[in-house]
Each structure stands twice: as structure tokens, then as C-alpha cells.
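Take a look at the structure set out below.
The values are calculated or read from the model by the stated rules, or taken from the named source; none is laboratory data. Please read these numbers as outputs of a predicted model, since none were measured by experiment. Positions of Cβ are backbone-derived with ideal geometry, glycine not excepted, and every protein chain shown enters the neighbour counts. These accessible areas exclude ligands, DNA and RNA; they are computed on the full protein's heavy atoms, side chains included. Shrake-Rupley method; radii C 1.70, N 1.55, O 1.52, S 1.80 Å.
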Amino acid sequence: MVVVATALVGCSVNSGTPSARASPIPSPSPSPPPPIELSGTNSKVTDPMDFAPGTYRVTWEATDTKPHGSTEVFDVYIRGQQFTGGQEQTNLVSTALPATSSGETSFTSGGGPYVVSVVTQTATWRITFTWLSP
């Protein structure tokens, strides 16, 4: 007598009810870029720096280092290099020291390299770009 055994492998029976599926796990959001902090004395033009696309809060403070009695111009420009024609410049800060020695503004980056230019003759300064949102 010969016995034949058959195994069913990988078969399933569909009973007409949907099977439960695990929900996909959402991928984590990328972490925001770290703040860009600049500081210096007198005028300076930075090397190109990469800015992620999005809106930034720009905080600044400056101190006039020359003797009292006159005002010192303090201007901050940002120039993007990704625009047609090479460059577009935006004036972020334009003030006279010591009347105004700190402030805040916003800046929207399309992403890519930017150069920051500080124009002042006798001031120490600090500027921070903090990414807020895409």
C-alpha cells in the first residue's frame, strides 16, 4: 500500500472579510536647520552660506565703539546668488547707532547660498538667523 501525502504551503482562504493591515509609520519630519550666528567688528562680507528654504527670524544687536557725540550707521544686507542675473540684494537692517541698538526682522529664503554684508565703521555686532518654517 502506498500513502501519498500532500502539503499545502502558502495557501490562504479568503472568507470575504478584509484583513487588518498595519498603518504605515509616518517618517519623522526633518529637524530644522540650526541657527546661523554671525558676529564681528566694523564692516564685513561673509563667505557664501547655505540657507534652507523657509522663513527666518533675524535678530541683531550692535554697539557703537567710538566716543559719544555722533551717530554710527549700521546696515545689514543679504544677497542671494541663485537668482537670474547673479544676485539680488535685500536690506535687512538700516539704523543709526546708538539710537537703536537691537531689533528683529524676518527674511524668506528660497534656499541656496547667500552672502551677508554688514556696513558700519565703528561698531561691534551680532546677528542670528533662526529658521521658523518652510
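Of all residues in the range 78-99 being modelled with pLDDT of 90 or more and open to solvent by 60 Å² or more (accessible area, probe 1.4 Å), which is farthest from the chain's Cα centre (by Cα)?
Filtering first and then ranking leaves Ser94.
Give the residues of the range 104-134 that are in contact with a Pro (Cβ under 6 Å, 6 or more places away or on another chain) and among the hydrophobic types (A, V, I, L, M, F, W, C), sorted by residue number.
Passing the criteria: Val115, Trp131.
In the range 1-22, is there at least one residue being open to solvent by 50 Å² or more (accessible area, probe 1.4 Å), closer than 30 Å to Gly112 by Cβ and either assigned to a loop (DSSP other than H, G, I, E, B) or at pLDDT 85 or above (or both)?
no
Pairs needed: first member in the range 50-64, closer than 18 Å to Tyr77 by Cβ; second member anywhere, among the charged types (D, E, K, R) and open to solvent by 30 Å² or more (accessible area, probe 1.4 Å); C-beta distance under 6 Å; at least 6 residues apart or different chains.
Note: pairs meeting the criteria are Thr59/Glu104; Glu61/Arg126.
So is Val115 among the aliphatic types (A, V, I, L, M), farther than 23 Å from Trp131 by Cβ and at pLDDT 90 or above or not?
Taking the combined requirement at face value, the residue does not satisfy it.
Quick one: count up the residues across the range 43-71 that are open to solvent by 40 Å² or more (accessible area, probe 1.4 Å), outside any strand (DSSP E or B) and touching a strand residue (DSSP E or B) at 6+ places or on another chain (Cβ under 7 Å).
Going through the range 43-71 one residue at a time, the tally reaches 6.
Considering Thr105, Thr130, which residue is open to solvent by less than 40 Å² (accessible area, probe 1.4 Å), touching a residue at least 40 places away in the same chain (Cβ under 8 Å) and assigned to a strand (DSSP E or B)?
Residue meeting the stated conditions: Thr130.
Which condition number in (1) surrounded by 10 or more Cβ atoms within 10 Å (Cβ to Cβ); (2) at pLDDT below 95 is the one that Ser27 fails?
(1)
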